[in-house]
Amino acid sequence: MKQKIFILFLITASLVLLSFITPTFLHNKTHEFFNNQLIASHIFGLIEGNIERPVGVTTGLSSDEFLIRALEREDNTDEKIMEEMFSSFLTSVKNQFGFTSTYVISDKTRRFYTPKGIAKIVNPQMDPYDNWYPIFMKTGLKLQVDTNRDQFNDYQWTIFINARIINTEGKTIGVCGISLPMKDWQNFLLPVEKEYKVKINLIDNQGLVQIDTDFNNIKNAYISNAISENVNNRGFYHTQQGRNGFRMVRFITNMNWYLVVQGNNIIEGQIYGTIIIVFIYIFLLLAIILQFLAHKKVSRHNLIKTSLPEDELTGLPNRNYLKESYGELGVFNTTRYKSLAVFDIDHFKIVNDGRDGDKIILDIVKLAKQAMNEQGIMFRWSGDEFVLFLEIDLREAEERFKHFCNEAKNSIDVTVSVGLVVVDLSVSIKTNYYRAVQACYSIKEKGGNGVGVR
């Protein structure tokens, strides 16, 4: 009897404790929500303050009368004189405002003027790094912030602010801009992340990470699910991430990017921990009351599915991953890929009927990965068809995949047809894909087992 009274007392005390924790939890949850809003707003103000000056300088530079007149007289002025004139002008701007570099591109001659002179002639067909120029021109935007590697500064990650130069007749005559080292922004953001225990990212309208304190994530990671119709520039849109996490997203007008602030609710996590302990305590008491009946403890695992769809057999990303990563329009948003390959197994239906098709697929994937040598990404498109975005040029890709075809024939006893094209960043991924498919079919028409190049 005494034991029952003692157990009843413990249960009552536990219920009283829960009734105290619940309102405290709700109060702390509200307090932490507003605290997160304040932190995110503070970070937003810091970033806007950091970008306001370079954006203002670039905008002012694009409407400079001297710059406009100089570009309009380019046809009638000796190239050497133009080079010296722009070199002096851009050096003055660089020294006055303290930016790493300043530049002007003439839309007529495509000369790339810098403080050191004419650095090069912009030619997207010869240099993939120049693809940003026609892409920017097609957008119709007056100003654009872009992240890329700086060819003239050891290919370091750099933030470029580009502005369209428009003459009095409303015609675009060139582009001017300034560059900001990514390291400077990382050194600025890292202490803020540590102080507030958050992760800060700036992403474009496809969710591609443009600024991150980790170089590995820049133009390589996606937070596409952070963007929704509820996100705007008037305030932060808050979402819960898991049990204790949060995400705050807001549009930055000056950059045409989204600020993403992610972290954990410390107070909420502590309260949840306390509640869990109390429930465990009550559970143990109930076990005693039920005379120590054996109960099988079933552990529950929260399985978190990856947001990047992948093929079950090979583990490769599939075409759904491509759509999520590159958006509905399917346009390359990075210059890292130099060539695109499409391949499939010749007469696979016949091969599959007589042999273990799954094993053949896995063996072919293994050989293709060896050919790719971690210099790109491979997708399982459908059945025995695969698509590869390669970080190597066409000539090297052709050599590697000829070897791949030989290996497939000798070691697996199947033949493969491969289509290869140079990536054209000015058109959609679908267009590049169909060009490669045509190259692949040209090999199949000849009997298969080879590499077609277009």
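Brief remarks on what is shown
- Qualifying residue in region 263-275 (condition: open to solvent by less than 20 Å² (accessible area, probe 1.4 Å), within 30 Å of D130 (Cβ to Cβ) and at pLDDT 60 or above): no
- Selection within region 391-428 - in contact (Cβ under 8 Å) with a residue 40 or more places away in the chain and either assigned to a strand (DSSP E or B) or among the acidic types (D, E) (or both): E391, D393, E398, E407, V416, S417, V418, G419, L420, V421, V422, S428
- Residues that are touching a helix residue (DSSP H, G or I) at 6+ places or on another chain (Cβ under 9 Å) and either open to solvent by 60 Å² or more (accessible area, probe 1.4 Å) or closer than 20 Å to P124 by Cβ (or both), drawn from region 429-454: I429, V453, R454
- Any hit, region 23-45, residues being at pLDDT below 60, farther than 30 Å from L259 by Cβ and exposed (fewer than 11 other Cβ atoms within 10 Å of the Cβ): yes
- Identity of the residue in region 331-370, closer than 30 Å to Y222 by Cβ and of a type in the set (V, I, T), that ends up most open to solvent (accessible area, probe 1.4 Å): V331
- The residues listed here are R300, R243; of these, the one that is closer than 27 Å to G207 by Cβ, modelled with pLDDT under 90 and loosely packed, with under 14 Cβ neighbours inside 10 Å is R243.
- Residues in region 108-126 that are without any contact (Cβ under 8 Å) to a residue 24 or more places away in the chain and open to solvent by less than 30 Å² (accessible area, probe 1.4 Å): F112, V122.
- Among the residues of region 394-422, those that are touching a Lys or Arg at 6+ places or on another chain (Cβ under 6 Å) and either modelled with pLDDT under 95 or β-branched (V, I, T) (or both) comprise T415, V421.
- Subset of region 168-201 [assigned to a helix (DSSP H, G or I) and open to solvent by 30 Å² or more (accessible area, probe 1.4 Å)]: K183, D184, N187, F188, L190, P191, K194, E195, Y196
- Screening G376 against (1) out of contact with any Leu (no Cβ under 7 Å at 6 or more places or on another chain); (2) at pLDDT below 95 leaves a single unmet condition, (1).
- Residue count for region 74-96, restricted to those that are under 17 Å from R110 (Cβ atoms) and open to solvent by 20 Å² or more (accessible area, probe 1.4 Å): 4.
- Any hit, region 371-382, residues being part of a helix (DSSP H, G or I), open to solvent by 60 Å² or more (accessible area, probe 1.4 Å) and free of Cβ contacts under 8 Å to residues at least 60 places away in the same chain: no
- Test: N205 is surrounded by fewer than 19 Cβ atoms within 10 Å (Cβ to Cβ), more than 30 Å from S88 (Cβ to Cβ), touching a Phe, Trp or Tyr at 6+ places or on another chain (Cβ under 8 Å) and not charged (D, E, K, R): yes
- Count of region 213-227 residues which are open to solvent by less than 40 Å² (accessible area, probe 1.4 Å) and either without any contact (Cβ under 8 Å) to a residue 12 or more places away in the chain or in a helix (DSSP H, G or I) (or both): 2
- Positions within region 60-73 being closer than 20 Å to T91 by Cβ and assigned to a helix (DSSP H, G or I), in sequence order: G60, L61, S62, E65, F66, L67, I68, R69, A70, L71
- Restricted to region 127-163, and to residues there that are among the charged types (D, E, K, R) and under 25 Å from E79 (Cβ atoms), the residue that is surrounded by the most Cβ atoms within 10 Å (Cβ to Cβ) is D130.
- Complete set of residues in region 87-105 that are free of Cβ contacts under 8 Å to residues at least 12 places away in the same chain and among the charged types (D, E, K, R): none
The values are calculated or read from the model by the stated rules, or taken from the named source; none is laboratory data. None of these values were measured; they are calculated from a predicted model. Virtual Cβ from ideal backbone geometry, glycine too; neighbours counted across all protein chains shown. Surface accessibility is based on the protein's heavy atoms, side chains included, excluding ligands, DNA and RNA. Shrake-Rupley method; radii C 1.70, N 1.55, O 1.52, S 1.80 Å.
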